[in-house]
Amino acid sequence: MIDWTGYIGLILDGALVTIQLTVMGSALALVMAFIAGLGRLSRFFAVRALATAYIEFFRGTSIFVQLFWAYFVLPFLGITLTPLQAGVLALGLNVGAYGAEVVRGAIKSIGKEQYEACVALNLGRWQSMRHVILPQALLLMLPTFGNNSIELLKGTAVVSLISLTDLTFQAQVVRAQTGNTLIPFTMILIIYFALASLIGWGMRSLERRMARGLDGVRV
Amino acid sequence: MVAPIIKIDAIAKSFGNFKVLDGLSMEVKPAEKLALIGPSGSGKTTILRILMTLERIDGGHIEIDGEQLYHMEKNGGLVPADERHLTRMRQKIGMVFQLFNLFPHKSVIDNVTLAPMLTKGTPRAEAEKRAMELLDMVGLAEKAKAMPAQLSGGQKQRVAIARALALSPKIMLFDEVTSALDPELVEEVMNVMKRLAAETDMTMLLVTHEMGFAHEFADRVLFFDGGKIVEEGKPDDIFSNPKQERTQSFLKKIIAAGHRV
């Protein structure tokens, strides 16, 4: 009979690493999404070009390759990252590129009349963006940001390839040591699903809170 | 002879191949209340949008309060205005839109205080005091905390008027401000504007299809067709005794369509 308590502990350790990666990766992705998304709407060609290059590059190459670059190639350029740093960097930049298009699309979808009201009230470009456009666009971004964040959570499994002891990595360790496949893989299946559900629930409550008052019913 | 506060000199504006304005010139005296009437596509709304810098002109000059709107003086000549110049000029002008364009994520009072706080650095307490005075004037003081979505169309438009007034512009532009309203709500917006017209020395330009409103509101009525001023004069003359054939047929059509004169 196998004593599972130690192995369950291993898997829960892995869950912590996965959560850490998801939170930090999402934070970086969010920052990159706004920088690149706003960059694509810039008046300046160079800024637009830079933002577009970033988005196209990270959407157009595989997350595996990006991760290998962050972990195995960057040291040749004199930058050595821990597996966690490399994982956060690759996941954050990758998902941030998708998020940038969400930011841009949401901003673009705010009606022309809101911009015109800003001009008539003599608000500057940044003031309009900060106080009028972004607060309305943010609400439109939330559902897709939730999706992106769940994608990122599931994508964290790739870091097991650079020997980071995340959920998937630990499950494989447990499987190798116990010879049991069903239990560790069922456990991580449930944990991934629970984490994804948590993100979805969090995003929905945030959305509800932000939408308050906009429809004239709830205040 | 008072210097005009708005002096439009031979401006041209096209949308694609469609020439909306072609060499239009007109002047507006300070404190004058002007109504611009005419069929759709006659260029009257375009004039307001150009004055608010929402559309750029293709040619000509506009002088506001003695200063060029779209040009700056440089080395004795005129060069196209930069954003800073436009920002300074916009302080003189406010606009109310057909579809109100309130900020849906901000409460009524925040809609009114936002621009003074951001563009003039007015402290919040002062901006809110002024906003409450303005909301009181348009009869909506008790709605200060409400969100725009909770208001009727007429109430939204009155908030939009208060919001534009909060910046104390010298010139106010009203672009078909009652066209999007249910008939029973038109009256409340008109009453606010008529009172405003009577009480202030702001210069006001009104684009409208409500001839009765134009009659009561304006000192002078301009009838536009095809981007040109076909006829202008005192409201009594234009509405009771139009001289141009095109003005007559337009007014006839408007009356047939059930609008009040």
Subject >> Residues that are more than 18 Å from A:S26 (Cβ to Cβ) and aromatic (F, W, Y), drawn from segment A:69-127 >> reply: A:W69, A:Y71, A:F72, A:F76, A:Y115, A:W126
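Give the residue that is nearest to the other protein chains (Cβ to nearest Cβ), with candidates limited to residues of segment B:167-181 that are among the hydrophobic types (A, V, I, L, M, F, W, C) and open to solvent by 10 Å² or more (accessible area, probe 1.4 Å).
First, the residues of segment B:167-181 that are among the hydrophobic types (A, V, I, L, M, F, W, C): B:167, B:171-174, B:177, B:180-181.
Checking the rest, the ones that are also open to solvent by 10 Å² or more (accessible area, probe 1.4 Å) come to B:167, B:180-181.
Numbers: B:L167: 7, B:A180: 11, B:L181: 16 Å.
For segment B:167-181, the residue satisfying everything is B:L167.
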Original post:
B:I161 passes all but one of (1) more than 19 Å from A:A120 (Cα to Cα); (2) outside any loop (DSSP other than H, G, I, E, B); which number fails?
Top reply: (1)
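Has segment B:116-129 got at least one residue that is on the phi < 0 side of the Ramachandran plot, over 18 Å from the mean Cα position of the chain (by Cα), open to solvent by less than 20 Å² (accessible area, probe 1.4 Å) and within 11 Å of chain A (Cβ to nearest Cβ)? Please lay out each step first, then the result.
Step one: filter segment B:116-129 for residues on the phi < 0 side of the Ramachandran plot, giving B:116-120, B:122-129.
Pick out the ones that are also over 18 Å from the mean Cα position of the chain (by Cα) and you get B:116-120, B:122-129.
From what is left, the residues that are open to solvent by less than 20 Å² (accessible area, probe 1.4 Å) are B:116, B:127.
Those still in the list that are within 11 Å of chain A (Cβ to nearest Cβ) too: B:116.
Yes, the conditions are met somewhere in segment B:116-129.
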Original post:
So, in segment B:152-162, of the ones that are open to solvent by less than 10 Å² (accessible area, probe 1.4 Å) and not small (G, A, S), which residue ends up farthest from the chain's Cα centre (by Cα)?
Top reply: B:V159
Subject >> Which numbered condition B:Q98 fails, given (1) surrounded by 22 or more Cβ atoms within 10 Å (Cβ to Cβ); (2) within 14 Å of chain A (Cβ to nearest Cβ); (3) in contact with a strand residue (DSSP E or B) (Cβ under 7 Å, 6 or more places away or on another chain); (4) not in a helix (DSSP H, G or I) >> reply: (1)
Original post:
Restricted to segment A:180-219, and to residues that are within 14 Å of chain B (Cβ to nearest Cβ) and open to solvent by less than 60 Å² (accessible area, probe 1.4 Å), which residue is modelled with the highest pLDDT?
Top reply: A:A211
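Restricting attention to segment B:170-180, does a residue exist that is part of a helix (DSSP H, G or I), at pLDDT 95 or above and either more than 22 Å from B:A218 (Cα to Cα) or of a type in the set (A, V, I, L, M, F, W, C) (or both)?
Residues of segment B:170-180 that are part of a helix (DSSP H, G or I), as a first pass: none.
Looking through segment B:170-180, none of the residues is part of a helix (DSSP H, G or I), at pLDDT 95 or above and either more than 22 Å from B:A218 (Cα to Cα) or of a type in the set (A, V, I, L, M, F, W, C) (or both).
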Subject >> segment A:95-124 - residue that is of a type outside the set (S, T, Y), more than 14 Å from B:F103 (Cβ to Cβ) and not in a helix (DSSP H, G or I) and, of those, nearest to the chain's Cα centre (by Cα) >> reply: A:G124
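Does segment B:23-39 include one or more residues that are within 14 Å of chain A (Cβ to nearest Cβ) and either surrounded by fewer than 19 Cβ atoms within 10 Å (Cβ to Cβ) or under 21 Å from the mean Cα position of the chain (by Cα) (or both)?
Filtering segment B:23-39 for residues within 14 Å of chain A (Cβ to nearest Cβ) gives none.
Checked segment B:23-39: no residue is within 14 Å of chain A (Cβ to nearest Cβ) and either surrounded by fewer than 19 Cβ atoms within 10 Å (Cβ to Cβ) or under 21 Å from the mean Cα position of the chain (by Cα) (or both).
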**OP:** Please report, ordered by residue number, the strands (runs of 3 or more DSSP E) entirely within segment B:199-261 with at least 1 residues that are open to solvent by 40 Å² or more (accessible area, probe 1.4 Å) and within 21 Å of B:T45 (Cβ to Cβ).
**Re:** B:220-225, B:228-233
**OP:** Can you confirm whether segment A:163-179 contains a residue that is within 14 Å of chain B (Cβ to nearest Cβ), surrounded by fewer than 21 Cβ atoms within 10 Å (Cβ to Cβ) and not charged (D, E, K, R)?
**Re:** no
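Can you find, within segment A:151-185, the residue that is nearest to the chain's Cα centre (by Cα) among those that are small (G, A, S) and in a helix (DSSP H, G or I)? Working first, answer last.
Step one: filter segment A:151-185 for residues small (G, A, S), giving A:155, A:157, A:160, A:163, A:171, A:176, A:179.
Right, trim to in a helix (DSSP H, G or I) and you get A:155, A:157, A:160, A:171, A:176.
Working: A:G155: 10, A:A157: 14, A:S160: 18, A:A171: 23, A:A176: 31 Å.
It comes out as A:G155.
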Original post:
Only one of (1) surrounded by fewer than 21 Cβ atoms within 10 Å (Cβ to Cβ); (2) within 30 Å of A:Q136 (Cα to Cα) fails for A:S149. Which number is that?
Top reply: (1)
**OP:** Output the residue which, of all residues in segment B:112-137 that are small (G, A, S) and part of a helix (DSSP H, G or I), is farthest from B:V96 (Cα to Cα).
**Re:** B:A125
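The values are calculated or read from the model by the stated rules, or taken from the named source; none is laboratory data. Note that the coordinates shown come from a computational prediction; the quantities given were computed from them, not determined experimentally. When we count neighbours, we look across all protein chains shown, and the Cβ atoms used for this are built from the backbone with ideal geometry, even at glycine. Areas reflect the complete protein model, heavy atoms only, side chains present, ligands, DNA and RNA absent. Shrake-Rupley method; radii C 1.70, N 1.55, O 1.52, S 1.80 Å.
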